[in-house]
Amino acid sequence: MAKILVIIDPDATEQTALLRCTEMAPAANLEIHVVRFIEQPKHLPKDDTTMATVLEKAREELDPLVANL
């Protein structure tokens, strides 16, 4: 099984790369891996609680995009 890496753009209204991969995956026998990079906003304190909040928000945004993979 071939693997393909898809990077999610959190600012995009459509995830074109992810959509194309999900369309190609069954016929091409692809295993899709999804990555979403995050950056802790500079104006927030650099502590574990703040980072946990940032990560949770990112997961909430990502989960619906990958629910059907």
request  = Please tell me if Ile4 is modelled with pLDDT under 90, farther than 11 Å from Leu65 by Cβ, aliphatic (A, V, I, L, M) and touching a helix residue (DSSP H, G or I) at 6+ places or on another chain (Cβ under 7 Å).
outcome  = no
Of the residues in the range 12-37 that are open to solvent by 60 Å² or more (accessible area, probe 1.4 Å) and assigned to a loop (DSSP other than H, G, I, E, B), the one that is nearest to Leu69 (Cα to Cα) is Asn29
Of the residues in the range 38-62, those that are among the aliphatic types (A, V, I, L, M) and either in a helix (DSSP H, G or I) or under 17 Å from the mean Cα position of the chain (by Cα) (or both) come to Ile38, Met51, Ala52, Val54, Leu55, Ala58, Leu62
Filtering the range 38-69 down to residues that are of a type outside the set (A, V, I, L, M) and open to solvent by less than 60 Å² (accessible area, probe 1.4 Å) yields Gln40, Pro41, Thr50
The condition of being in contact with a His (Cβ under 8 Å, 6 or more places away or on another chain), not in a loop (DSSP other than H, G, I, E, B) and not β-branched (Val, Ile, Thr) holds, among Leu65, Leu5, only for Leu5
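The values are calculated or read from the model by the stated rules, or taken from the named source; none is laboratory data. None of the values given here were measured: they were computed from a predicted structure. When we count neighbours, we look across all protein chains shown, and the Cβ atoms used for this are built from the backbone with ideal geometry, even at glycine. When the accessible area is computed, the model is the full protein with side chains, heavy atoms only, and any ligands, DNA or RNA have been set aside. Shrake-Rupley method; radii C 1.70, N 1.55, O 1.52, S 1.80 Å.
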